1. Just wondering, is there one or more residues in region 265-281 that are at pLDDT 95 or above, among the acidic types (Asp, Glu) and open to solvent by 40 Å² or more (accessible area, probe 1.4 Å)?
2. How about region 104-212: which helices (runs of 4 or more DSSP H) wholly inside it have at least 2 residues that are open to solvent by less than 10 Å² (accessible area, probe 1.4 Å) and touching a Lys or Arg at 6+ places or on another chain (Cβ under 9 Å)?
3. Taking interchain pairs and intrachain pairs at least six residues apart, which have beta carbon atoms under 6 angstrom, with the first residue in region 315-326 and closer than 8 Å to Phe104 by Cα and without any contact (Cβ under 8 Å) to a residue 24 or more places away in the chain and the second outside any strand (DSSP E or B) and open to solvent by less than 10 Å² (accessible area, probe 1.4 Å)?
4. The conditions are (1) more than 17 Å from Trp159 (Cα to Cα); (2) part of a loop (DSSP other than H, G, I, E, B), and Phe263 fails exactly one of them. Which is it?
5. Can you tell which of Ala285, Ala294 is more than 22 Å from the chain's Cα centre (by Cα), hydrophobic (A, V, I, L, M, F, W, C), surrounded by fewer than 16 Cβ atoms within 10 Å (Cβ to Cβ) and within 16 Å of Ala153 (Cβ to Cβ)?
6. Which residues, counting only those in region 85-103, are of a type outside the set (A, V, I, L, M, F, W, C), outside any strand (DSSP E or B) and either touching an Asp or Glu at 6+ places or on another chain (Cβ under 8 Å) or open to solvent by 30 Å² or more (accessible area, probe 1.4 Å) (or both)?
7. How many residues, within region 266-297, are in a loop (DSSP other than H, G, I, E, B), farther than 20 Å from Pro312 by Cα and of a type in the set (D, E, K, R)?
Amino acid sequence: MPKHVVLANDNDMRKTVLGSGAFKFKSYTSGVGWELVKNPDYFVKDRPYLDGVKGYIIKDSFARFAALRTRNILWWAPFPMMSVSQTKIIEQQLSDKIALKWEFHPAWYGVIFNLNQAPWSDVRVRQAISLAFDRKRMVATGLEGAGIIGMSAQPPGEWALPEEEMVKVAGYAKPDIEGAKRLLAEAGFPNGFQSEMLVRAVKSHEDTGVVIKDAAAAIGIDLDLKVRETAVYQDTQYKKAFGIAEGGVSSKVQDPDVTLGDFYLSKAGRNWTGYSNPYYDELHAKQSRTIDAAERRKIVWEMQRVLFRDVPIAIVYWVKAPYVWWREVRGFTPPVEFSNAYAYQEMWLAK
């Protein structure tokens, strides 16, 4: 950003928007919505097509769905995601008017542990939680089936552990309740314990929080869900002012440099767990400079095995997300990651 603009705003750029995109910022009303207008100086000739874009903040999923069905909105932002039940209504009743396309995403939901706080500092407690997960049932319940079981690299994909290896791991093909209870007893909690769990106030996150709570209850861990608005949730997360948190995060690309670096490297910016393993850091650096794809894949698989043993994050599932828009909206191509879906440069309306 231009230095003089930053200084003029006392280093607070939350209400001053700068950029070189296809649209310019016009207005924003907290909790209501925002508006963009066409950038006449955009560097791509004859773009954008639209004169402007209006976005509406509709927190309630049912109200958001009603706005789409009644054509008060023409495009559903892919996050928060539309539920599977809602997509079925679109497919069965409105497919001639509304387009819908499912995409896999480099986005996971799971449990983030603060390794600097007891009892989560004990790997046996973290392993017990992961062993207790009935991931197939949790996908069916938490995402209505719109997910896929995987470890720390996105499935399906070239970097994910082979399915035949993954399904042999306890806690993935099926839960190991007795094994989880033994680990808790070894850690000094034969009767379980109570704890608070931070949860982000978004429906898909809240649903994940509920299935995590149910799974933990099966081994005697009583989790009190503390649902917090996104700003509060993220502030608490980055300050590491939590013991255990429900979390769901996407990466902008599917490469292991990012997906296996952002959350697990000792000095990574999104390492909310405090996880630090020199061997893992060494493996990450090694795979990053390995040219041969097959050799790199072997290193990446080993990294996932390390993470499964150490459990800084217990991933429940990876997600599929539906993109939904009225068919008169043209020029939109669903991307590989939903944070990159908000480029309206090529969009236009057929009327």
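1. yes
2. On the way: elements: 123-132, 135-142, 163-166, 177-186.
In region 104-212, 123-132 are the helices (runs of 4 or more DSSP H) which contain 2 or more residues that are open to solvent by less than 10 Å² (accessible area, probe 1.4 Å) and touching a Lys or Arg at 6+ places or on another chain (Cβ under 9 Å).
3. The qualifying pairs do not exist here.
4. Phe263 satisfies every listed condition except (1).
5. Working: Ala285 fails: within 16 Å of Ala153 (Cβ to Cβ).
Testing whether each residue is more than 22 Å from the chain's Cα centre (by Cα), hydrophobic (A, V, I, L, M, F, W, C), surrounded by fewer than 16 Cβ atoms within 10 Å (Cβ to Cβ) and within 16 Å of Ala153 (Cβ to Cβ) leaves just Ala294.
6. Once the filter is applied, which keeps residues that are of a type outside the set (A, V, I, L, M, F, W, C), outside any strand (DSSP E or B) and either touching an Asp or Glu at 6+ places or on another chain (Cβ under 8 Å) or open to solvent by 30 Å² or more (accessible area, probe 1.4 Å) (or both), region 85-103 yields Ser85, Lys88, Glu91, Gln92, Gln93, Ser95, Asp96, Lys97.
7. Within region 266-297, residues that are in a loop (DSSP other than H, G, I, E, B), farther than 20 Å from Pro312 by Cα and of a type in the set (D, E, K, R) number 2.
The values are calculated or read from the model by the stated rules, or taken from the named source; none is laboratory data. Everything numeric in this text was worked out from a predicted model, so none of it was measured. Every residue, glycine among them, receives a Cβ derived from its backbone with ideal geometry; neighbour counts consider all protein chains shown. Each accessible area value is taken on the protein alone, full model and side chains, heavy atoms only, with ligands, DNA and RNA left out. Shrake-Rupley method; radii C 1.70, N 1.55, O 1.52, S 1.80 Å.
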